[in-house]
Structures are given as C-alpha cells and as structure tokens.
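Take a look at the structure below.
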Amino acid sequence: LRDNRIELVRASWHELSISVSDVSLSDEGQYTCSLFTMPVKTSKAFLTVLGVPEKPQITGFTSPVMEGERMQLTCKTSGSKPAADIRWFKNDKEVKDVKNLKEEDANRKTFTVSSTLDFLADRNDDGAVVSCRVDHESLNSTPQIAMQVLEIHYTPLVKIISSNSWPEEGQSIILTCESKGKPVPEPVLWTKDGGELPDPERMVVNGRVLSISFLNKTDNGTYRCEAKNPIGRNSTEYVLIVHDVFNTLLPTTVIPSLTTATVTTTVALTTSTTTSATAISTRDPNALAGQTGPDHALIGGIVAVVVFVTLCSIILLGRYLARHKGTYLTNEAKGAEDAPDADTAIINAEGSQVNAEEKKEYFI
C-alpha cells in the first residue's frame, strides 16, 4: 500500500497491523494480508466506510406567517451511507404526518434524504419550536438537529372579566377587557348599546379597564369591548344587569297588646271587636315579601277570647234584666202573696187598692 494515510503498526511472525487515518469512502473495499512462508499464507478483510450525514437544514420558512396560511417546511441532509432517517418534532412532540424522499448522490455511494412537513398556521403554534432530527448509525446515538421558531400573526382574541358577579344598586363594578393578538392589539374601545358611554363621570376608562361607580338601573345594557391590530379586529360583549338592593331582615313576631275594658252595651262590644279585628288584619302593602307576618294562631286566640267575653256579657246582662223585671211584678202583687186561696188573694188585692197611693215602684 502506497498511501501516506496508511501506517504499519505492528509486524511479527504472528501479527501484522496497519492503521488508516482520515478515512474516506474511497477506502472502502477488500484488504488482503499475505505471509510469505512455505507455503504462502493469506487472509482477507472487507472494510465498510459509513457516510456521515451532513447537518440538516430547514427551508421553506417565512416570517411572519398569517394565521390560516399553509406552511411547508423541508428538512434535508446529504452524504449519508446508508440513507439517514429524518424525524419531525413540534415542542418535543413528534409529528408523524410527513413526506420523506431518498435520492442517491452522484457518487453512487451516498444518499440525500429530505422530509417535508405540511400544516396550516394556527395561533397556538406561535412561538412553537419545530425541529428536524437526523438519526444515523455513524452519529453514535448523538443525532443532528435543526430548529426553527414559528412566528404566527393573528387577529386579537377578546374576553371581558367582571369584578362583581351580582351587581346591586349603589355598588361599583370593574370590567376588564383582555385581548391577545400578534402584533399586540391597540388600546381597546368601550361602547354601550352600540354608542358611546353615556355617563363619563361615573364610567371611567383606564386602558383596558372600565370602572362604573354608583350603579343604578340606567346602567343596564350591553357593553362591548373591541380590539384591533394590523391583522384584523375582534370584539366581545357583556350584558350588565343591576339588581335591587337585597336586605336581609330578621324574622319578627307582632304581639298585639291586650286592653281590659268594662263593656256596658252590646253595641259598644260589637264596635270594639270590629276595630280590634281590623287593626290586627291590617298589613303594610309595601312590606317585603320575605318579612314574617303576625302569628295567626295568636290572633285567632285573641278573637276567640273577645267573642267569649262578649257572649258572657250578653248572658249576664240578660239575667240582670230578667231578675229586675221579676222583682217589679212581685211588688205589684204584694197584697196577694200571703193569701191561702184565690178568693182571699182577690180580696187582699182589692183591699190593697185603697192604699194604692202608698205603692212605690223602683226601676233600676
């Protein structure tokens, strides 16, 4: 062998060793070792040279890319022997839907391998790292990698966040308009029911934040937040409903006072009963629906007591009048009450007429 890259390392009757530096594909072939003895002894060995693939390159990328556009990225590597393998990754997650192509080089010994990744640009891909990895047995488990960071431009994404989920009259509310887009959206525009904000003194806009103080029913409506950038514009709406102030009242029981009175006439008793019933049954029409009313059992008991007292009074009055009338009739026939028989009673009664001027009548 006449090559400066080939050196004799060891030579003996038992062993002959050489070394080849700066190996190239042309060094591949069959090597023969001969030992000149009687007879001559020979040994052959075939040297296989691996073609190391070149560092891959990604082509077809333009920056920036608009959302919805189709992207075709191609990764290519040459000089591999045997042909190398190419794999695609997006944020360390392998992408399987790719097209691979293998071509033999002009030297008819090595190969050029290419792989194409085809996809639609999406806003979620903005900032994603797309990598092309080349695997080959000559790389000793250390693959060659090419990377590309995606830049996707898209219209703003708008969302309104409220600070108060149940706004009531007199309270305040803060509406924050979150907008995300690339390029960064311009300052947002706030409107109410399709027009400008009606009360700038209470409705203050500070950047993306709308603050409304001292809420009232006139603030009800649809609030729109609109954001735009050079790619386009987008908006979202928030419906504000101002609720009445909710008062939590403790349950109360109304206990009417009892008044003791002397009843002299039936008419007076009836009037008193009607008045008491009217006073107890009267309710404030503007009272809250959740307020606890009087105890109906207690009212029924009071009415029953009043009725019972009225009846007792009527009975007592009747007995009194009946007793008074009986006394008058007895005095009228006083001359005959001691007669042993009817004739004597008549005589006594007639005799008593003489002293009629002495009779006296008492009315109580």
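Note on the stretch 138-186: along the principal axes its Cα atoms extend 76, 25, 10 Å, ordered by decreasing extent.
In this rough spin-label picture, where each label sits 7 Å from Cα along the Cβ direction, the LEU311-LEU189 distance is 8.3 nm.
Per residue, how much accessible area does the stretch 57-150 show when a 1.4 Å probe rolls over the protein heavy atoms, in square angstrom? List each step's numbers first, then the result.
Details: 5520 Å² over 94 residues.
Normalised by residue count, the accessible surface of the stretch 57-150 is 59 Å².
Round to the nearest 0.05 the FRET efficiency obtained for LEU298 and TYR320 when R0 = 22 Å and r is the Cβ-Cβ distance.
0.10
How big, in percent, is the set of alpha carbon pairs in the stretch 57-150 lying more than 14 Å apart? Spell out each step's value before the answer.
Working: 2854 of 4371 pairs.
Everything past 14 Å amounts to 65 percent.
If the limit is 30 Å between Cα atoms, which of LYS192/LYS228; LYS182/LYS217; LYS44/LYS81; LYS44/LYS102 go over it? In this structure, LYS182/LYS217; LYS44/LYS102 lie more than 30 Å apart at Cα. Shown here for the stretch 110-180: GluC sites (Glu not before Pro) in loop regions (DSSP other than H, G, I, E, B) with at most 14 other Cβ atoms within 10 Å, namely GLU169. The alpha carbon radius of gyration of the stretch 35-88, expressed as a multiple of 2.2 N^0.38 Å, is 2.39. Computed from the Kirkwood radius of its Cα pairs, the Stokes-Einstein diffusion coefficient for the stretch 112-156 at 4 °C and 1.567 mPa s stands at 101 µm²/s. FRET efficiency for the LYS99 to ASP3 pair, using the beta carbon distance and R₀ = 51 Å, is estimated at 0.75.
Here is the tail figure for the stretch 180-230: Cα pairs spaced more than 14 Å apart come to 55 percent of all pairs.
Taking only Cα atoms of the stretch 6-47, what ratio of Rg to Rh do you get with Rh as the Kirkwood inverse-distance radius?
Numbers: Rg = 12.0 Å, Rh = 11.7 Å.
On the Cα set of the stretch 6-47, Rg over Rh gives 1.02.
For the stretch 122-211, what does the equivalent ellipsoid look like in terms of its semi-axes, each the square root of 5 times an eigenvalue of the Cα gyration tensor, given largest first in whole Å? Please list the in-between numbers first.
On the way: eigenvalues 492, 40, 15 Å².
Over the Cα atoms of the stretch 122-211, the semi-axes work out to 50, 14, 9 Å.
Applying 1/(1 + (r/R0)^6) with R0 = 41 Å to the Cβ-Cβ distance of LYS41 and PHE89 gives a FRET efficiency near 0.15.
The values are calculated or read from the model by the stated rules, or taken from the named source; none is laboratory data. Being a predicted model, the structure only gives us computed values, none of them experimental. When we count neighbours, we look across all protein chains shown, and the Cβ atoms used for this are built from the backbone with ideal geometry, even at glycine. Ligands, DNA and RNA are stripped out before the accessible areas are found, and what is left, the full protein with its side chains, is counted by its heavy atoms. Shrake-Rupley method; radii C 1.70, N 1.55, O 1.52, S 1.80 Å.
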